[in-house]
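Undergrad: First the structure, then my questions, so here it is.
FYI, it's all coordinate maths here, none of it is from the lab. What you are looking at is a predicted structure, and each value in this text was computed from that prediction instead of being measured. Neighbour counts are summed over all protein chains in view; Cβ atoms, including those assigned to glycine, are modelled from backbone coordinates with ideal geometry.
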Amino acid sequence: MQLQHLLDTTTLSATEIDELLLDASAFISPGGSIASPSPTLRGVTIVLAFFEPSTRTRLSFETAAQRLGASILHFTPDGSSVNKGESLRETFRTIEAMDVQGIVLRHGQDGVHRELASWTRMRVINAGEGRTSHPTQALLDAATLRERTSTLKGLRVAIVGDVAHSRVARSNVDVLRKCGASVALCAPAELLPKEAWVADLPVYASIDEAMSSADVVCMLRIQRERMDASLTLHMDSYRNSFALTEDRAHRFPNVIVMHPGPVNVGVELDEAVLDLPQTIIHRQVAHGVAVRMAVLNRYLRSPIA
Ligand code: CP
């Protein structure tokens, strides 16, 4: 399978997702650490272009590229000629002219990745797009769950929190269902999307209901940076009905706890939950490296001619 650009998971078949997850599992050693592969991307240059903040995605792509032997360039708008008025298109053409083969791109505006992929010779890897998609996050979530449960077939997953502003939720629904899991949502009405992609998903009215029914809860942060200023949330009421408190986690010890990060401790999740045996949040980070190694390998081994 040779793939061109990773723009969204919706363009990946269940078989392609399975192959990427199998590739990623080969980068995890039997002890659970990240394996040292051969440098399959030696001679390849990749730019990490992040127009929004990131810790996990940016660093895991960086270490993934390093482990595969690629050369890495960093682009951030602060300190770049974007601040002198250079357009996005001309910025990308400038990067491309430096003989860069791949661009790992995070951007807050929907459509930027697709527009770039329509003309560039670089392979475009989506590292987060607006509220729409975060494909490698969904792949790493599936990879982490497979480590814990062996298969996703028949698994009941509840996505809890600010679904409306989450690019992770949308990509996760797509990947988890293609892997055979069933997905439900759990959020207050004002944090549920009104769009078609949620129309056939069951909705739990509270996290207690979700944890009584689901095998896995994927907790989401309240994404204030993407919220309409007019939206007011009553945080006491939110915590009462939707936060994963230590007490709740202890009442449902068999429910696996995930979170894409960053976690707002004390808001959607209590700090003590991070260290419980049912919580796999830091395994998600480790699988993030393995999945991004698998993605870079698949998409960049043969650059576009
Ligand atoms: N999950 C995620 O995308 O985290 P970062 O914003 O830290 O990359």
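Undergrad: Would you mind stating whether Val163 is closer than 16 Å to Arg226 by Cα, aliphatic (A, V, I, L, M), assigned to a helix (DSSP H, G or I) and within 20 Å of the chain's Cα centre (by Cα)?
TA: no
Undergrad: Considering only residues that are acidic (Asp, Glu) and either loosely packed, with under 15 Cβ neighbours inside 10 Å or outside any loop (DSSP other than H, G, I, E, B) (or both), which ones fall in the range 1-59?
TA: Glu16, Asp18, Glu19, Asp23
Undergrad: Looking only at residues that are touching a residue at least 60 places away in the same chain (Cβ under 8 Å) and β-branched (Val, Ile, Thr) in the range 113-154, which one is farthest from the ligand (Cβ to nearest atom)?
TA: Thr149
Undergrad: Checking Val100 against (1) away from the ligand (no atom under 16 Å from the Cβ); (2) surrounded by 15 or more Cβ atoms within 10 Å (Cβ to Cβ); (3) among the aliphatic types (A, V, I, L, M); (4) not in a loop (DSSP other than H, G, I, E, B), which single condition isn't satisfied?
TA: Val100 satisfies every listed condition except (4).
Undergrad: Still on this structure: Is at least one residue of the range 68-91 surrounded by 15 or more Cβ atoms within 10 Å (Cβ to Cβ), of a type in the set (D, E, K, R) and outside any strand (DSSP E or B)?
TA: No, the conditions are met nowhere in the range 68-91.
Undergrad: Could I ask something else about it? List, please: which pairs have Cβ atoms under 8 Å, are six or more places apart or on different chains, and start with a residue in the range 29-58 that is among the hydroxyl-bearing types (Ser, Thr, Tyr) and end with one that is outside any loop (DSSP other than H, G, I, E, B) and away from the ligand (no atom under 12 Å from the Cβ)?
TA: Going by the 8 Å Cβ cut-off, the qualifying pairs are Ser33/Ala286; Ser36/Arg67; Thr40/Asn297; Thr45/Ser71; Thr45/Ile72; Thr45/Leu73; Thr45/Gly102.
Undergrad: Right, next: Among (1) touching a strand residue (DSSP E or B) at 6+ places or on another chain (Cβ under 6 Å); (2) more than 23 Å from Val255 (Cβ to Cβ), which single condition is Ala169 missing?
TA: (2)
Undergrad: For Gly266, all conditions in the list (1) surrounded by fewer than 18 Cβ atoms within 10 Å (Cβ to Cβ); (2) under 30 Å from Leu20 (Cβ atoms); (3) away from the ligand (no atom under 16 Å from the Cβ) hold save one; what is the number of the exception?
TA: Failing condition for Gly266: (2).
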